[in-house]
Structures are given as C-alpha cells and as structure tokens.
1. Considering only DSSP beta bridges whose two residues both sit in the chain, what percent are antiparallel, to the nearest 5?
2. Using +1 at the Cβ of each Lys and Arg and -1 at the Cβ of each Asp and Glu in the stretch 2-188, identify which of N123, V150, P78 lies farthest towards the dipole's positive end.
3. Within a Cβ distance under 14 Å of P31, other residues only, what is the Lys/Arg minus Asp/Glu net charge?
4. Would you mind counting up the charge near L55? Only other residues with Cβ under 10 Å from its Cβ, with Lys and Arg at +1 and Asp and Glu at -1.
5. For the chain, what is the mean residue ellipticity at 222 nm derived from helices alone (per DSSP H run of n ≥ 4: -39500 (n - 2.57); sum divided by total residues; nearest 500 deg cm²/dmol)?
6. Any idea what angle helix 300-309 forms with the longest principal axis of the chain, computed on alpha-carbon atoms, 0 to 90 degrees, nearest 10?
7. On the principal axes of its Cα set, how long, how wide and how thick is the chain? Give whole Å, largest value first.
8. When the chain is modelled as a GNM with alpha-carbon springs shorter than 10 Å, which of L55, L253, L287 fluctuates the most?
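Throughout, read-outs are computed from the coordinates displayed, never taken from laboratory work. Please read these numbers as outputs of a predicted model, since none were measured by experiment. Note that we place each Cβ from the backbone using ideal geometry, even for glycine, and neighbour counts take in every protein chain shown.
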Amino acid sequence: MILSLFCGCGGLDLGFENAGFITALAYDIRPHSIESWNSNRPENVCGHVADITKLTLSDMDRDFGGRFAPNGVIGGPPCQSFSRANHFRSDDDPRRKLVAKFFSIALRLHKNRRPLDFIVMENVPELEQASGGKLLETELSRLEKNGFHVTKAVLDASEYGVPQYRRRLFVVAISKDAMGLPEWNSPKASKSIVRQVSDVLSGLPEPLHFELNLKRDDIPFHPNHWCMKPKSAKFFDGSLKAGYSSGRSFKTLSWDKPSIAVSYGHREVHVHPGGHRRLSVLEAMRLQGFDDTYTLEGTLSSQIDQVSEAVPPPLAETVAQAVKLSVEPISNSVQIEEESKSSSAASVEAA
C-alpha cells in the first residue's frame with residue numbers, strides 16, 4: 001500500500017501499480033490532474049486535491065477512512081525550479097522547499113504510524129547541484145539517520161522501452177529492516193532495444209484542431225488527440241523538416257530516433273516529424289509510454305502540462321520492480337531472478 005505525493009496525472013503511480021503495488025492515497029494541488037488520476041482508476045478513486053505543504057496525518061486518515069499507515073511513499077515534487085530549461089532559477093524559489101516537504105511527510109508517517117519499507121522520489125538531475133548540492137545532501141542525511149539505505153540514480157527513459165530521451169534522477173530509500181535485498185540496485189539499461197518516434201506515431205490519423213466550445217466527445221479516435229491549429233508560416237513553407245531545430249519553439253522530431261524530452265513550456269510543444277503542425281496530446285502521451293486506454297482530463301493547456309510533467313510509466317515500472325526486489329523476502333527475489341534467467345534462456349533457444 002503506497003502514498004503518492006505530487007502525483008500529477010499518475011504516470012509514476014501507474015508504473016508502480018503495473019509492478020503490483022496498490023495506491024491507497026494520491027495528492028496533487030491541481031484539480032485537472034486529480035480528475036485524470038481518478039478517471040483512469042474507476043475502481044480505486046483515491047486521488048485528492050490538496051496543498052501538500054499543509055497536508056497532515058489527520059487529513060490522510062480522513063481521506064483514507066481510517067488510520068493510514070502505508071508501507072511506501074512515492075512522488076515527484078515540482079522540478080521547474082531546478083530544470084535547465086528554467087533560465088530564472090533562484091535559491092529563493094518557494095518550490096525548492098517542496099523536496100524537503102516530500103521527505104518530511106514520508107518520515108512523519110515512518111515515525112508515527114509504521115516503519116516505511118521504501119521511499120521513492122523522482123526529479124530532474126539538476127537537483128543534485130541545487131544550492132551547491134546541499135539541498136539534496138541534507139535530505140539524504142535525514143533519511144540515513146532514520147534507518148534507510150539511500151541510492152541515487154540518473155536513468156534515461158530511452159533505455160527502458162520509452163521512445164524518448166528523458167534523463168531523470170531517482171532517489172530510492174530502502175529501510176534497513178527490509179526483508180529483501182539490503183539496498184536498491186538500479187535497473188540495468190536495455191540499450192539493444194531502442195524505440196523510435198515512428199514506432200508510436202506512424203499511422204495515426206490527423207488530430208482535431210482546438211476550437212472554442214469544443215467538447216471532449218467531438219474529438220474522434222481518442223479524446224486526447226487534439227492540438228492547436230498551426231498558424232506560423234513555418235508550418236506551411238516547408239522549412240520544418242524532420243530533425244530540424246530552431247530555438248525552443250520549433251524543435252521538429254525525427255522519425256528514426258527517440259523523441260527529445262517531452263517537456264513543454266509556453267508554445268513549445270514539439271513539432272510533428274511531418275513539419276506541418278505541433279504534436280497532439282495523445283502523441284505526446286505515446287512518447288511518454290502511456291497506452292491508449294489512459295486519458296487526460298481538463299483543458300488542452302492543462303493536458304499539455306500534465307503529460308509534460310508525468311513520469312513515463314514504463315520507466316516507473318522498471319524502478320518499481322527493482323524496489324520490489326528490495327522489500328520482498330530474499331526467497332522471492334531469488335525466485336524472480338531464476339524465472340528471469342529461464343525466460344531469457346528460452347528466448348535465446350526460440351531465436
């Protein structure tokens with residue numbers, strides 16, 4: 001049973017759920033994100049809109065319907081204040097305090113409810129350099145003092161089945177009392193299988209262009225297959241070729257490579273490899289590793305924010321499977337490893 005903080009539309013949670021974990025509570029301050037989270041889990045509607053800086057144990061008990069004592073906490077505090085794309089980074093940015101708040105809530109549960117088995121935080125790699133490295137070092141020291149083995153790893157989504165270059169920092173804290181492996185081992189990359197943009201975007205019909213008063217049911221093929229109507233002359237004069245890049249606003253994807261990071265700011269949604277328009281929300285979701293059964297709620301602008309900030313579910317699942325090995329009994333871990341070896345051997349024979 002896990003708690004998800006800063007859950008967004010649920011990409012990190014989906015990966016953990018696919019690995020066998022159950023989300024008991026999820027929180028985010030943005031209503032559209034929580035709408036998306038809940039609408040994709042009709043049998044587990046436990047996402048709540050909340051200011052996480054003010055979240056208390058009593059709040060969680062109320063929302064859970066009883067004494068809340070999860071065995072794990074996951075989340076991705078907002079990373080804009082650390083990202084390289086933010087040219088106005090400042091140590092005074094209030095969002096920097098959200099990393100400490102994330103760990104404070106986790107440790108409050110750890111001390112007052114039941115010892116946690118694990119804590120997992122996702123963020124941008126630049127977090128390691130924030131405040132001269134002291135911001136993250138302070139939090140890691142807190143975790144170690146409270147009985148956790150802590151591991152850091154920067155993983156690129158393109159090496160874990162996602163058609164996108166996206167480097168992200170994972171901080172994984174495993175209780176020293178966990179019954180499985182003593183520390184979290186970063187999952188091994190699979191560089192031999194790299195998915196390209198063409199693998200997920202080829203063959204899609206053209207999306208619907210945004211219009212005022214457009215209803216969700218009016219969008220054919222998929223409710224998120226919509227985009228802004230192209231207006232710039234660049235979309236019509238043939239200058240936007242696959243792989244072309246002009247500043248932050250006209251980065252055009254290549255068919256035969258993974259996408260550049262799905263991280264969009266104002267009017268910066270990447271250009272389709274065809275060069276005639278920007279990507280639809282659905283196309284961005286596919287590049288993030290969501291399958292078409294997942295849908296996002298809210299305005300077009302909100303959906304773009306949600307997909308930009310999501311953790312790619314396949315990457316999250318890989319991290320979650322590695323966490324599972326660290327918190328399950330060693331016998332189960334050995335069994336999983338043996339099954340994996342057997343499966344690999346069978347694949348080689350079949351080939």
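1. On the way: 18 of 37 bridges.
So the antiparallel bridges in the chain amount to around 50 percent.
2. Positive-most Cα among the choices belongs to V150.
3. On the way: positive: R30; negative: D28, E35, D51, E297, D305.
That works out to -4.
4. Values: positive: K54, K101, R108; negative: D51, D59, D63.
With Lys, Arg at +1 and Asp, Glu at -1, the net is 0.
5. On the way: 10 runs with 112 residues, N = 351.
One gets -9500 deg cm²/dmol as the mean residue ellipticity at 222 nm.
6. 50
7. 62, 55, 44
8. The residue that fluctuates most here is L55.
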